[in-house]
Amino acid sequence: MAYKISTECISCGACEAECPVQAISAGDGKYEIDAATCISCGACAGVCPVSAPAEE
Ligand code: SF4
Ligand code: SF4
């Protein structure tokens, strides 16, 4: 099950550099996770200041 970034995202960009498989990129108004690439490691959730990434 992949992680997904909620609308709480403030586009700080902190998670993008933490992802070991480069699944995160800037989207329209918030960052997005490519579900097919995400390995559900949880690193993005660990650095997010607003707890936007969560496991679906
Ligand atoms: Fe990347 Fe891990 Fe977050 Fe998935 S859970 S987007 S692999 S940092
Ligand atoms: Fe959005 Fe959180 Fe990632 Fe920052 S760390 S871009 S607030 S999901």
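The values are calculated or read from the model by the stated rules, or taken from the named source; none is laboratory data. Given the structure is predicted, the values throughout are model-derived calculations rather than measurements. Cβ sites come from the backbone with ideal geometry, for glycine too, and all protein chains shown count toward neighbours. Keep in mind that these areas ignore ligands, DNA and RNA; they rest on the heavy atoms of the full protein, side chains included. Shrake-Rupley method; radii C 1.70, N 1.55, O 1.52, S 1.80 Å.
None of Thr37, Thr7 is part of a loop (DSSP other than H, G, I, E, B), open to solvent by less than 70 Å² (accessible area, probe 1.4 Å) and out of contact with any helix residue (DSSP H, G or I) (no Cβ under 9 Å at 6 or more places or on another chain) except Thr37. The lone criterion from (1) open to solvent by less than 30 Å² (accessible area, probe 1.4 Å); (2) in contact with a Gly (Cβ under 9 Å, 6 or more places away or on another chain) left unmet by Ala23 is number (2). Scoring Pro49 on the criteria (1) within 7 Å of ligand 2 (Cβ to nearest atom); (2) loosely packed, with under 12 Cβ neighbours inside 10 Å; (3) under 10 Å from the mean Cα position of the chain (by Cα) leaves a single failure, condition (3).
Restricting attention to the stretch 30-46 and to residues that are within 10 Å of ligand 2 (Cβ to nearest atom) and of a type in the set (D, E, K, R), the residue that is nearest to Ile5 (Cα to Cα) turns out to be Glu32. Beta carbons closer than 9 Å, at least 6 apart along the sequence or on distinct chains, pair a first residue in the stretch 16-29 that is within 10 Å of ligand 2 (Cβ to nearest atom) and part of a loop (DSSP other than H, G, I, E, B) with a second that is open to solvent by less than 70 Å² (accessible area, probe 1.4 Å) and of a type outside the set (Lys, Arg) for Cys19/Ile33; Cys19/Thr37; Cys19/Cys38; Cys19/Ala43; Cys19/Cys44; Gly27/Ile5; Gly27/Cys9; Gly27/Ser11.
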